[in-house]
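Heads up, the thing below is written out as structure tokens.
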Amino acid sequence: MQDVMDYRRSLERSRLSRMRRDGASVFTMQGREWDLLPGVFAPSDSPSTQIALDLLGLAGPAVTARGSVLEIGCGTGLIAVTSALAGCERVVASDINPVAAENAELNAERHDVAHKVRTVHSDLFDALEPGERFDTIFWSSNYVMAPADYDYEHPHERAYVDAGYTAHRRFLAEAPEWLTPGGSVLLHFSSRGDLVSLLRIAGEVGRALRMLRVLPVQEGEHEVQHMLIEVAPRHRQPFVPGQRTREVPRQGRRG
Ligand SMILES: C[S@@+](CC[C@H](N)C(=O)[O-])C[C@H]1O[C@@H](n2cnc3c(N)ncnc32)[C@H](O)[C@@H]1O
């Protein structure tokens, strides 16, 4: 398992993905075409975007969803735009990579939901309007931990690794503050990440983690567990490893 958690392998995946394209391109997912700008996380190079849709119940043509959504780390905007297409009334798609915010705007326009999707270039919650609140806050995170002193060589690497889990710490601490009453903070994490550290950090910032779904996915020679984790203030239900987890079947798994 140490092998799949090795941040150098993730950085290599980032480098290979960037090498594969030198300009804007278009890919197909969810039966639709999507713009992909250079330097933005490519859903076509990784199974994680499709897995996130599966975990959220947004995969497929006839899904419905409601409410307001903040997607942290929107990349191409595929999940944010799919949420709007499924019926969410207000969606904010934000990313620390400025090209990703631009990419999400292109895809919102391509699929005629620009009136419902606002795109923001932001480090987590920094550039949101104070007082904005959301029914759902979701991040399909860069769950592989890099050393705390790692210097990013390209913004694309931030889609793959989080140095010292600095961004995860802030996400756990700050996300619940942006919720409407009764809203949910959801994190897509995986066994490529360091769950023990995530739990420790959650405790340190007064958050409880609840495993909502676990989805095993064969990735090359490894079976990786993808997880949908709810983040709540600590007085709500605590995380108990092995309990209250539910495996969701997934078709067409990619390695
Ligand atoms: C695994 S990618 C997911 C992209 C997209 N949601 C998808 O599923 O295709 C993680 C995303 O988080 C973004 N990210 C990393 N750190 C961030 C931060 N501090 N604030 C906002 N976005 C961040 C990355 O730039 C990247 O786009």
For the chain, with equal point scatterers placed on the C-alpha atoms only and solvent neglected, what are the log10 I(q)/I(0) values from the Debye formula at q = 0.08, 0.12 1/Å, to two decimals?
-0.27, -0.65
Distance in nm between pseudo-label sites at Glu174 and Glu12 (7 Å out along the Cβ direction from Cα):
3.3 nm
Distant-in-sequence amide H partners of Gly164 (H built 1.01 Å from N, under 5 Å)
Ala146, Ala148
Residues Arg133 and Asp22, FRET efficiency given R0 of 30 Å [Cβ-Cβ distance, rounded to 0.05]:
0.15
3J(HN,Hα) from dihedral phi, segment 205-217, Karplus parametrisation 6.51/-1.76/1.60, rounded to Hz, x for glycine, proline:
9, x, 10, 10, 10, 10, 7, 8, 8, 10, 10, x, 10
Mind listing the long-range amide H neighbours of Leu212? Cut-off is under 5 Å, sequence gap 5 or more, other chains count too, H placed in the peptide plane at 1.01 Å from N.
Leu228, Ile229, Glu230
For Cys88, what residues show an amide H to amide H distance below 5 Å, using hydrogens built from the backbone and excluding near sequence neighbours?
Ala65
Inter-site label distance for Asp112 and Asp126 at 7 Å from Cα along Cβ, in nm
3.7 nm
To check my understanding: the extent here is largest minus smallest coordinate of the Cα atoms along each principal axis. What are those three numbers for segment 62-119, in Å, largest first?
29, 20, 18
Spelling out what I want: for every residue of segment 28-40, take phi, set θ = phi - 60°, compute 6.51 cos²θ - 1.76 cosθ + 1.60 (Karplus), and round to whole Hz; glycine and proline get x.
10, 7, 6, x, 10, 9, 9, 6, 10, 8, x, x, 9
Quick one: dipole size for the chain, taken about the Cα centre, charges +1 on Lys/Arg Cβ and -1 on Asp/Glu Cβ, in debye to the nearest 20.
820 debye
Loop GluC sites (Glu not before Pro), segment 135-239 (other Cβ atoms within 10 Å of the site Cβ: 11 or fewer; DSSP):
Glu153, Glu221
In the neighborhood of Pro98, defined by Cβ-to-Cβ distances under 12 Å, what is the net charge if each Lys or Arg adds +1 and each Asp or Glu adds -1?
-3
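Each value in this text was obtained by applying a stated rule to the coordinates, not by laboratory testing. These numbers come from a predicted model, not from an experiment. Cβ: placed from backbone, ideal geometry, glycine included. Neighbour counts: every protein chain shown.
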